[in-house]
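Worksheet: one structure, shown below.
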Amino acid sequence: MTMWLATQGFETFGIDISPTAIEWAKRNAEVAGLRCEFTNGDILDYSNYPSDAVDMVLDGNVLHCIIGDDRAKLFQNVRRVLRTGGYFLVRSVLSPVDDKLPSQYRFDPTSLLLFHEDVAYRYIPTFEMLKSEVSDAGFNILGSELAYDLAVGRGFQYGMIEAST
């Protein structure tokens, strides 16, 4: 998404916790002749970005990987870096999970956590819960779309929420 936005003339910044992913992105941007800034870092730490500094934050399918109180921290960081009227696009995996899920994964419908063996690694809320969470974090929801993600073949729903500050 960072590189596509750069092709549209936007100044872009990409963050990923994986050094390998960042190196890959940098090489691809260089080959494409694009000016993009990629940073190896934690999306829960926006300390390198000043307040009211950006017009748009795009969740590149990461929010469902954030669990517990870290979700509120992420929303707070996004609100801090967005300018007034800034745009926030959330793309996330959602419940329900059906019987297409491979057997090594376990979904707990009470906590809405997805486990691999005994380790929780995804939070999979319903679409309505995600919209409430975004709204409760102080964002104005501009639009939303829910789709069943047939391409994954694992029984997840997929949602997108457009919001602003």
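The values are calculated or read from the model by the stated rules, or taken from the named source; none is laboratory data. What you see is a predicted model; the values in this text were computed from it and never measured. FYI the Cβ positions are ideal-geometry reconstructions off the backbone, even for glycines, and counts take in every protein chain you see.
Remarks
- For the range 110-128, residues that are assigned to a loop (DSSP other than H, G, I, E, B) and surrounded by 13 or more Cβ atoms within 10 Å (Cβ to Cβ) total 5.
- Any hit, the range 16-37, residues being part of a strand (DSSP E or B) and loosely packed, with under 15 Cβ neighbours inside 10 Å: yes
- Residue-level check: of (1) under 16 Å from the mean Cα position of the chain (by Cα); (2) surrounded by fewer than 14 Cβ atoms within 10 Å (Cβ to Cβ); (3) in a helix (DSSP H, G or I), Asp45 misses just (3).
- Only one of the numbered conditions (1) over 14 Å from the mean Cα position of the chain (by Cα); (2) exposed (fewer than 15 other Cβ atoms within 10 Å of the Cβ) is not met by Asn61, and that is (1).
- Residue list for the range 129-140, filter: out of contact with any Ser or Thr (no Cβ under 8 Å at 6 or more places or on another chain) and either assigned to a loop (DSSP other than H, G, I, E, B) or at pLDDT below 90 (or both): Ala137
- So Phe107, is it touching an Asp or Glu at 6+ places or on another chain (Cβ under 8 Å), surrounded by 13 or more Cβ atoms within 10 Å (Cβ to Cβ), within 22 Å of Ile161 (Cβ to Cβ) and in the same structural domain as Ser135 (by TED's automatic domain parsing): no
Results for (1) more than 24 Å from Arg80 (Cα to Cα); (2) out of contact with any Cys (no Cβ under 6 Å at 6 or more places or on another chain), shown as yes or no for each residue.
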| position | (1), (2) |
| --- | --- |
| Leu5 | no, yes |
| Gln8 | yes, yes |
| Thr12 | no, no |
| Ile15 | no, yes |
| Thr20 | yes, yes |
| Ala25 | yes, yes |
| Ala32 | yes, yes |
| Thr39 | no, yes |
| Asp42 | no, yes |
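- Flag if Ala137 is within 13 Å of Met160 (Cα to Cα) and among the small types (Gly, Ala, Ser): no
- The residues of the range 141-153 that are at pLDDT 90 or above, closer than 21 Å to Ile66 by Cα and surrounded by 12 or more Cβ atoms within 10 Å (Cβ to Cβ), listed by number, are Ile141, Ser144.
- Val93 being at pLDDT 95 or above, under 25 Å from Ile17 (Cα atoms) and either assigned by TED's automatic domain parsing to the domain that holds Met1 or outside any loop (DSSP other than H, G, I, E, B) (or both): no
- The range 42-54 residues that are over 23 Å from Ile67 (Cβ atoms), paired with ones that are loosely packed, with under 11 Cβ neighbours inside 10 Å (beta carbon under 9 Å, 6 or more apart): Asp52/Thr84
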